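Colleague: Take this structure first; my questions come after.
The values are calculated or read from the model by the stated rules, or taken from the named source; none is laboratory data. Everything quoted here is computed from the prediction, not taken from an experiment. Note that each Cβ is placed from the backbone with ideal geometry, even for glycine, and that neighbours are counted across all protein chains shown.
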Number of protein chains: 2
Amino acid sequence: MPVSCPHNAEINCRDCRMNTLCLPIALELDEVERLNEIVQRGRPLHRDEHVYSSGNEFKAVYAVRSGSIKTYSVNDKGVEQVTGFYLPGEIFGMDGIAHTHHANAAVAMETSAVCEIPFSRLEDLSITMPSLQRHFFKLMSKEITSDQQLITLLSKNSAEERIATLLLSISARNAKRNLSSVRFRLPMSRADIGNYLGLTVETVSRVFSRFQKQQLLNVDKKEIEIRDVPGLQELSNS
Amino acid sequence: MPVSCPHNAEINCRDCRMNTLCLPIALELDEVERLNEIVQRGRPLHRDEHVYSSGNEFKAVYAVRSGSIKTYSVNDKGVEQVTGFYLPGEIFGMDGIAHTHHANAAVAMETSAVCEIPFSRLEDLSITMPSLQRHFFKLMSKEITSDQQLITLLSKNSAEERIATLLLSISARNAKRNLSSVRFRLPMSRADIGNYLGLTVETVSRVFSRFQKQQLLNVDKKEIEIRDVPGLQELSNS
DNA sequence: AAACCCCTTTGATGCAGGTCATTTGCGACT
DNA sequence: AGTCGCAAATGACCTGCATCAAAGGGGTTT
């Protein structure tokens, strides 16, 4: 749980490198300032530290400032399901709005920092800032469409297609953050990838090996180099 | 596309049997009246008629008044993916908010009627009615959590578990509408069920037959009688 | 540096569900 | 009553991925 001390208080949304990703572009400067005032910046989280756990009271949504976060749920039988991977500039925690408590848990996959945006204050602010309200409607709608894309992926596509699609998704999101779209480090383990995509670790590993053999990728542990974007896109049925 | 003539103009949200499902409970009477004024009621749609198609401009969200609606998307290769089934009192079309156009299509599975709620007017209204804003945040969040449950179902559960879960979901939603939770008519075809759950028609059919043999269900075409709720719940992993 | 742990890779085998093909049943139209 | 058409059921076979088992790094601890 990010402590709401003025740690990193020098950081302002106005100056944050990620602000084009997590804030509505249409915001006026003084509006950014008002939003900035409600955002709480937590101390850095290290690997495996939770932002919130399943059953925690829902109080806020979060933006990734650095590092990477995964969300997951646990069903009655104790089986975990990874529901999303979040990279810097992306918002998570919106699953909790419908209920008073979080359905999912969120955990840092590596040393990470997140901004906490208290939801009740966000709601109040939205009332006087229509563009902010619209922005959050859009963010939630995007979450819905991306979940639906995952549903399609899981119910219609083979292991190779699923993994190609995930790699391209990470590639595209890296591009948005002005990082390389062809060389990057996967923040998550093979087990997380398999869990997220409905596959076993062994299958994930085999597909990576096959992709390497087919010259689609260079894989070195978590370091990925995409060598044949069109080839992957074809697999991903784009 | 529902025609916005004053067809069925006598219907008012205030009197609608479904209003406890699609409206926020906290709404004052005059607030219901203001919402009622922006809601457009379309003529009845018959089977296979579209509410909107993929690529249509996003203008509104919709509530099912009677009948049943399915939403689906079509990927680049022309493969359909059913993304949801919506029963009376339920809201659909929220996937379009993020973009200016609908990602999905929505089609009537039987003769149906829907209420159209123009989104821009809903946004305006939300600004003066905080409980309405909160209601729509919650609706979207619910859509997210239910999509995530489907993701878990698809990536972790067997054909039998998936179908048991779908039947119990429809059963529970019928109960909310004061209909029988044990005897009902499935509005969708076996093909739709299979498509939604990531299974082939044959598998769906076989599982229905097996459930019947195990005395879990009586199946007569689309008429379902659940004979062993606890048995199904156990399969569905509670 | 040895011991340990955890993540990943690779191989061998089995099965749930897909694919293909045929049959059955029912409603609509003539 | 007969024919067409479509949804659903059933059977035979096949395959992609899971499962089980084992072994190979790389990092951390002592």
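Colleague: Keeping to the stretch B:186-225, report how many residues are within 14 Å of DNA strand C (Cβ to nearest atom), modelled with pLDDT of 95 or more and either under 24 Å from the mean Cα position of the chain (by Cα) or crowded, with 19+ Cβ neighbours inside 10 Å (or both).
Modeller: Residues that pass the stated criteria total 18.
Colleague: I'd like to check something: does the stretch A:175-192 contain any residue that is β-branched (Val, Ile, Thr) and outside any loop (DSSP other than H, G, I, E, B)? It would help to see each step written out before you state the result.
Modeller: Here is the first cut: in the stretch A:175-192, the residues β-branched (Val, Ile, Thr) are A:182.
Retained after the next criterion (residues that are outside any loop (DSSP other than H, G, I, E, B)): none.
Looking for residues that are β-branched (Val, Ile, Thr) and outside any loop (DSSP other than H, G, I, E, B), one finds none in the stretch A:175-192, hence no.
Colleague: Select from the stretch A:202-229 the residues that are in a helix (DSSP H, G or I) and away from chain B (no Cβ under 14 Å) and list them in ascending order. Lay out the reasoning, then the answer.
Modeller: Let us first name the residues in the stretch A:202-229 that are in a helix (DSSP H, G or I), namely A:202-213, A:229.
Once the filter is applied, which keeps residues that are in a helix (DSSP H, G or I) and away from chain B (no Cβ under 14 Å), the stretch A:202-229 yields A:Glu202, A:Ser205, A:Arg206, A:Val207, A:Phe208, A:Ser209, A:Arg210, A:Phe211, A:Gln212, A:Lys213, A:Val229.
Colleague: Restrict the check to the stretch A:226-233 and report whether at least one residue is more than 9 Å from DNA strand C (Cβ to nearest atom) and crowded, with 20+ Cβ neighbours inside 10 Å.
Modeller: The answer is yes; a qualifying residue exists.
Colleague: Next up: Which one is farthest from the other protein chains (Cβ to nearest Cβ), of the residues in the stretch B:88-119 that are over 18 Å from the mean Cα position of the chain (by Cα) and touching a residue at least 60 places away in the same chain (Cβ under 8 Å)?
Modeller: B:Pro118
Colleague: Additional query: Mind telling me which of the residues A:Ser141, A:Ser146 ends up being at the interface with chain B (Cβ under 10 Å from one of its Cβ atoms), in a helix (DSSP H, G or I) and surrounded by fewer than 18 Cβ atoms within 10 Å (Cβ to Cβ)?
Modeller: On the way: A:Ser141 fails: surrounded by fewer than 18 Cβ atoms within 10 Å (Cβ to Cβ).
Going through A:Ser141, A:Ser146 in turn, just one is at the interface with chain B (Cβ under 10 Å from one of its Cβ atoms), in a helix (DSSP H, G or I) and surrounded by fewer than 18 Cβ atoms within 10 Å (Cβ to Cβ): A:Ser146.
Colleague: Every residue in the stretch A:105-133 that is in a strand (DSSP E or B) and crowded, with 20+ Cβ neighbours inside 10 Å, please.
Modeller: We begin by selecting, within the stretch A:105-133, every residue in a strand (DSSP E or B); these are A:105-108, A:112-118.
Once the filter is applied, which keeps residues that are in a strand (DSSP E or B) and crowded, with 20+ Cβ neighbours inside 10 Å, the stretch A:105-133 yields A:Ala106, A:Ala108, A:Ser112, A:Ala113, A:Val114, A:Cys115, A:Glu116, A:Ile117.
Colleague: Related question: In contact with a Ser or Thr (Cβ under 8 Å, 6 or more places away or on another chain) and surrounded by 18 or more Cβ atoms within 10 Å (Cβ to Cβ): is that true of B:Leu168 in this structure?
Modeller: Details: in contact with a Ser or Thr (Cβ under 8 Å, 6 or more places away or on another chain): yes; surrounded by 18 or more Cβ atoms within 10 Å (Cβ to Cβ): yes.
Answer is yes for this residue.
Colleague: Of all residues in the stretch A:196-218, how many are away from DNA strand D (no atom under 12 Å from the Cβ), in contact (Cβ under 8 Å) with a residue 12 or more places away in the chain and touching a Lys or Arg at 6+ places or on another chain (Cβ under 7 Å)? Steps first, answer last, please.
Modeller: Taking the stretch A:196-218 as the starting set, the residues that turn out to be away from DNA strand D (no atom under 12 Å from the Cβ) are A:208-209, A:211-218.
If we keep only those that are in contact (Cβ under 8 Å) with a residue 12 or more places away in the chain too, we end up with A:208, A:211, A:214-217.
Adding the requirement that they be touching a Lys or Arg at 6+ places or on another chain (Cβ under 7 Å) leaves A:215-217.
Summing the residues that are away from DNA strand D (no atom under 12 Å from the Cβ), in contact (Cβ under 8 Å) with a residue 12 or more places away in the chain and touching a Lys or Arg at 6+ places or on another chain (Cβ under 7 Å) in the stretch A:196-218 gives 3.
Colleague: Looking only at the stretch A:149-174, which residues are in a helix (DSSP H, G or I), in contact (Cβ under 8 Å) with a residue 60 or more places away in the chain and in contact with a helix residue (DSSP H, G or I) (Cβ under 9 Å, 6 or more places away or on another chain)?
Modeller: Result: A:Glu160, A:Glu161, A:Ala164, A:Thr165, A:Leu167, A:Leu168.
Colleague: Then there is this: B:Lys138 passes all but one of (1) farther than 22 Å from B:Tyr62 by Cα; (2) away from DNA strand D (no atom under 14 Å from the Cβ); which number fails?
Modeller: In the conditions (1) farther than 22 Å from B:Tyr62 by Cα; (2) away from DNA strand D (no atom under 14 Å from the Cβ), B:Lys138 misses (1) alone.
Colleague: Can you report the number of residues in the stretch A:78-87 which are surrounded by 20 or more Cβ atoms within 10 Å (Cβ to Cβ) and at the interface with chain B (Cβ under 10 Å from one of its Cβ atoms)?
Modeller: Qualifying residue count, the stretch A:78-87: 4.
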